[in-house]
Structure formats: structure tokens, C-alpha cells
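Structure record follows, encoded as C-alpha cells.
Bear in mind these aren't lab numbers, they're just calculated from the coordinates by the rules spelled out. Just so it is clear, the structure is predicted and the values come from calculations on it, not from any experiment. Here the Cβ positions follow ideal geometry from the backbone for every residue, glycine too, while neighbour counts run over all protein chains shown.
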Amino acid sequence: MKAINTKLWMTAFVAIFLAIFTTSCKDENVGVIGVCPVVSSTDPANTAIGVPLDKVVTVSFNEKMNPQTITPATFILQEATKSTGTTKASAVALSGAMTYDATNFKMSFVPTATLKPNTLYSGTVKATVKDLMGNALQTDYVWTFTTSANLSPKVILSDPANNATAVFLNKIITATFNVPMDPTSITVSTFTLMNGILPVAGSVSYSGGIAFFAPTAALTAGTVYIATISKGAKDATGTSMASDFAWSFTTGSVSAPKVNSSLPLNLATGVSLNAAINATFSEAMDPLKITSSTFTVMNGTTVVAGAVTYTGLIATFTPTGNLLSGTTYTVKITTGAQNPAGVSLANDYIWTFSTKSTLGPLGVDLKTVGHFGIIAGVGVTNAAGFSEIHDMDCGISPGVRSSFTGFPPAIIVNGSIFASDDIAPPGVPAMLIQAKQDLTDAYLFAEAASSPAPVTVAGDQGGKTLAPGIYKSTSTLLIQSGDLTLDAQGDANAVWIFQIASDFTTVGGAGGNVILTGGAQAKNVYWQTGRSATIGDYTNFKGTILALTSITMNSHATAQGRMLARNGAVVLTSTNIITKP
């Protein structure tokens, strides 16, 4: 057998490879002059959709290129016509910064301004771009992509900060985003921590715009770690990060104190309204650093008032009053909490819990009619005396302003009178029509309320105490021989709805008042009345009356509530006071 000529064989192999996998550059005068550079990929890819508005556009080549040929003149990014994908006739090339990465054969273009939303763009790499041998692209390379309506999500804060030193060994690594993220995209695949080339084991979670990486074991002292959030992390609309976000930090030699447990537990539900909130630390803490500044409870953005104490290993927050029912609270112990040696918590410790459901039915949504202390269909009258309506408006529709009588001497404090024939300010008639429609909707909602099951009542309710709920009368209803007490049992959100088929009357003398106790609030009491309502002489009334026909307040009767009549009139007899519930 003849020996194989290795040199000839390799020459032939290279020739075949070049013939199959490369494009030969040709000159019309001398023929083939070398291997052509080609665009191997683009980002965004051709016909890509949903591209972020702050996208950095990149073009990768198959070989090293001559940086001097990669200039703003050889790369053009413009708007394109959607029907054809060709450049718009009026399109202007976008300005931006261009760089070239010789190691990865990649050109990058950063537009000066963000791209337009939901717009088709075309990118063009001119044929004048050349490789190091002077070989040029044989033709212009053109591709298109379509933008989304969003910017790329990005990390705006990391903890530890980039290049931080003396980081606690039990530190939880966090990254805060500029927009809400898709929690399913924040995983151990997209949020990693590396010790050199070794991945650190840990768990990843996402809450409130923050991603958390909790190492399974304590970090190693005096070690540089690199944390990375990759482009696989997406916002709630599905838009990916424009690029990986990486930062590094160096550990110290100390583990920080931490919160070992909390009550209520994180994500606990049905928590009692008089519950105290506490946290148990891993070691003794400095009592002077456990304060209302470092231990807070929030209802949304509202700070809950309370007192903070510290005994043994336990810090306790005792609210000044009962918590609200059906409410989610957020508790935070900040890194301002320290042990006696001055060592802070490694991270803020945050947890949430929800209180038990509201007693009684759902409240009635008054919508725009909630701005009114009085609203009527045909007339509003102050018959005598210096009546007052505080912090609410008064209105009449379809009745006109001439049907509003006795104002003055009656006055409205921090409110206004509106009538259906007002021409100023503009829009008053339409506003009143909407308010009356909202009143009708509220009336019908209260009338139909059925959960919890209504309790049937009849006759005089004076002298009774009623828990939150729905109370239904099939005829008239009275409060006469004593006061009616509504007991919220500590629930400030507790609701009462009274469904009265006919007339509703309170009678002054031996009672007739509505008394609120146990944290009950007038704004949560509703009296749906199938005909008319009368508030008796010198009685003190609580709640919102939703009357089908008319409402009368007798002499010197007062109300913390609203008098809202769908069709008839509202009459103030003499020196009546209505205040906002």
C-alpha cells in the first residue's frame, strides 16, 4: 500500500472545506482573490418581534474585521415600511455610538435615543465593510425587526453593592428591578452566585420587585464572589433584560445576627385583630437599636402606630389599636437593628401576614355619590334654623336650583351646592346624573345583599345591640324605646346593611339614637329604605340612608352620615347637623 502524502491531503481538505463552507471573494478583473467576510448573526435576529426600546443592536461576523471600515457610514438603522420591509422613503438614519469587539468579531450599535414602540426597523451593513485582508462583503446585508412597547427591565440596585467588602458570611444577595418582573423567570438559572468557577448552592425567590439569592451554607471568609442576573430574567410583559447584570463583592469574617422566627408567621392568614407582632433573634441584641425606626408595620404605605419593646431575644410591636380586618400588613426589621457589639443584621428582615375577614357583608360602594351629604330628586329644604352640612356637597337632580331653599340660613362647610340647571362650572348636570346613577346602583346593591344570610327583624329595634351583618325588615322599622347599639366587636371594617321594605323612623324621647361601639364606624352602616325615612327630634343618627322616596330630619336631629334620596325631597326641619362619616 502506498503511503498517504499528508501535505497533499491537508491541502485538498482545506480546499474542499473552503469551497463548501466559505464564500469566495471575486474581482471582475483578476477573479477569486480570497475568502469573503459574511454576517454570521444579528441581535435582534431577522424578523424578530417584541424588541425592547433600549436594545443594543449587534452584528457578528465570521472573521476578524478591519475596525477602520466599521463606521457610522457602513451601518445604517432606519424605520422601515411594514408592508414591504423596505426603508421608509422619509426615514433618517438613527444616530448612535458604534464599537467593535475584535475578539468576538462583533459590532455593537447603541442608539442615542430609545427606539419607537411597535415600529419596524431595518438594519443595513454596507458592502464596504472589509476584513483584515481587505476583502469586502459582496453585498449589503439587510434585516428587519419590530419593537415592543417597553424598555428592557434592568437591575437598579444590588445588595451587597458592586465591589463591596467585609460582606457578612450569612448575607442574602438581592437585586432590585426597575419594573415588576415575571416571578417564573427569576430562578437559580437566571440568578447565580459564583466562587471563582464554582457555583454556590442556594435558593432564589422574588417579591416586591426584588430578587433574593439565599446561599444554602455560609459564605467563605475573605473570598470574592460574582453574582449575575442573566438576560433570561423577564418583566411582567415578557420583555427580557438587554444584557446580563453582574457584580462582585468580597466577604469579611463575621456572620451577622439574624431573625430566626416571627409571629405571625410569614404569609399567615386569619390573624387576630388584636395580635401583637414579634420577632425572635439568633442572639442578644442592643435594646437601644430595637425601636419604632428599626421595627415597623405597614398597611400599604401607611405606618401603623404602635409601641416597640425588647426582652430576651424577642422584639415585640404592639399596635396602638386593633388591626383592620381583611388587610395585608408588611413588617420590616431593618439593618439598623444591631447586637451589643454593633454588628447589624445582614439584611432587612421582611414578612407579611393577613388579618381575618371583615365581619358582616361587603360594604356598599357609593362611588361618586359618596361626595354628597345630601342629594335629592325634587327638592332640598331647610325649613328653619341654622342647619349645617360639613365636608360634603349637596345636590339635586332632576330638580333645579330654585328647589333648593333655606340656604342660607343653612350653610355648607367645606362643600358646595349643585343643581341640574347649573351652567357653571361646566359639566355639573352630567356630574349629577352620574351621582344619581351611582345612588341607584348602591341602593340596588344594598337591597339585594345576601351574604351573610340576612337576619329578619321587625318593629322597634330600640334597646337592642346588633353585631355586624344584614338585617331585613319586610315592612316598616323603628328605633324608639331606647337606643340601637351597633357593636363591631373590635373590627373597624365591620359592616351593617339594613334592608327596610317600607318606611324607616327613629323617634326621639326615650332613645331613638344609633350608638356605635367596639370600633364600629358610621361610614360602614347603610340603611336601604323602600319608601321614606324620618330621623326623630333631637336624635343622634349614624350611617348612610339610601331612600327610594324622601328623607326628613326633625328638629335638632343630627347625623354622622348621608341623606341620599333617589326620587323625593330631603327636608331639614330645624337646626340639623350632618357630618361626614
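Sorted from fewest to most neighbouring beta carbons within 10 Å, what does the list TYR100, TYR526, TYR538, TYR121 look like?
TYR538, TYR100, TYR121, TYR526
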Item checked: Overall form of the stretch 180-263 per C-alpha gyration tensor (a/c, 1.5; a/b vs b/c) -> oblate
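Taking 8 Å as the Cα distance limit and 6 or more residues as the minimum spacing, I'd like the relative contact order of the stretch 260-355 as a percentage. Could you put the intermediate results ahead of the total?
Numbers: 202 pairs, mean separation 33.9, N = 96.
Computed value for the stretch 260-355: 35 percent relative contact order.
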Next item on the list: For the stretch 36-147, give the magnitude of the charge dipole about the Cα centre (Cβ charges: +1 Lys/Arg, -1 Asp/Glu; no others), in debye to the nearest 20.
Entry: 180
Notebook entry, point to check: Angle, helix 6-21 long axis vs. longest principal axis of the chain, Cα atoms, 0 to 90°, nearest 10?
Noted result: 40
Notebook entry, point to check: Roughly how many Å is it from the Cα centre of the stretch 285-356 to that of the stretch 104-122, as a whole number?
Noted result: 47
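How would you rank 61-69, 468-476, highest first, on the average number of other Cβ atoms within 10 Å across their residues? If you can, show how the numbers build up before the last one.
Working: 61-69: 16.4, 468-476: 18.1.
In decreasing order of mean packing, 61-69, 468-476 become 468-476, 61-69.
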Check: What ranking do GLU79, GLU283 get, fewest neighbouring Cβ atoms within 10 angstrom at the top?
Finding: GLU283, GLU79
Check: Using the count of nearby Cβ atoms within 10 Å as a rough guide to exposure, how do MET285, MET563 rank from fewest to most?
Finding: MET285, MET563
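Once you have a ≥ b ≥ c as the square roots of the Cα gyration tensor eigenvalues for the stretch 367-579, tell me rounded if a/c is under 1.5, and otherwise prolate or oblate according to whether a/b is larger than b/c.
Numbers: a/c = 1.84, a/b = 1.46, b/c = 1.26.
Prolate.
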Notebook entry, point to check: Quick one: putting +1 on the C-beta of Lys and Arg, -1 on the C-beta of Asp and Glu, what dipole do you get for the stretch 367-579 around its Cα centre, in Debye to the nearest 20?
Noted result: 200
Notebook entry, point to check: ASP140's amide H: which non-local residues (gap 5+, or another chain) put their own amide H closer than 5 Å, with H modeled 1.01 Å from N in plane and none for Pro or chain starts?
Noted result: ALA127
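Ranking request for peptides 218-224, 152-158: highest mean number of other beta-carbon atoms within 10 Å first, then the rest in descending order. Could you put the intermediate results ahead of the total?
Numbers: 218-224: 14.1, 152-158: 18.1.
Final packing ranking: 152-158, 218-224.
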Check: Per 20 Å bin, what percent of the C-alpha pairs of the chain does each bin hold, from zero upward?
Finding: 16, 27, 28, 21, 7, 2, 0
Next item on the list: Take every Cα pair under 8 Å in the stretch 36-147 that's 6+ residues apart, average their separations, divide by the length, and report that relative contact order as a whole percent.
Entry: 36
Margin query: Expected output is a single nm value to one decimal: the length gained when fully extending between ALA218 and THR139, i.e. 0.36 nm times separation in residues minus the C-alpha distance. What is it?
Written below: 22.7 nm
Check: Relative to the longest principal axis of the chain, what angle (0 to 90°, nearest 10) does the C-alpha long axis of helix 428-448 take?
Finding: 80
Checklist line | In range of the label at ASN118: residues from the stretch 136-161 whose backbone nitrogen is under 20 Å from the point 7 Å along Cα→Cβ | finding: 145-153
Checklist line | At R0 = 25 Å, FRET efficiency that the Cβ-Cβ distance of ALA383 and VAL455 yields, to 0.05 | finding: 0.10
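For the peptides 70-78, 351-359, what is the packing order when you average, over each peptide's residues, the other Cβ atoms within 10 Å and list the highest mean first? Present the calculation step by step, with values, prior to reporting the outcome.
Details: 70-78: 17.0, 351-359: 19.0.
Highest mean packing first, the order is 351-359, 70-78.
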Item checked: Contour excess over end-to-end distance, with Cα ends at THR309 and ALA102 and 0.36 nm allotted per residue -> 68.3 nm
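Relative contact order for the stretch 155-251: what is it in percent, counting Cα pairs under 8 Å that are at least 6 residues apart?
On the way: 216 pairs, mean separation 33.5, N = 97.
Over the stretch 155-251, the number comes to 35 percent.
For the chain, what does the helix formula give at 222 nm: sum of -39500 (n - 2.57) over DSSP H segments with n ≥ 4, over the residue count, nearest 500 deg cm²/dmol? Present the calculation step by step, with values, prior to reporting the outcome.
Working: 2 runs with 37 residues, N = 581.
Calculated at 222 nm, the ellipticity per residue is -2000 deg cm²/dmol.
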Note to self: Give the lysines reachable from LYS258 as a straight Cα distance under 22 Å; neighbours fewer than 8 places away on the same chain don't count.
What the structure shows: LYS171, LYS289, LYS332
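Shape call for the stretch 97-181 from the C-alpha gyration tensor, a ≥ b ≥ c root eigenvalues: rounded (a/c under 1.5), prolate (a/b greater than b/c) or oblate?
Details: a/c = 4.36, a/b = 1.75, b/c = 2.49.
In terms of gyration-tensor shape, oblate.
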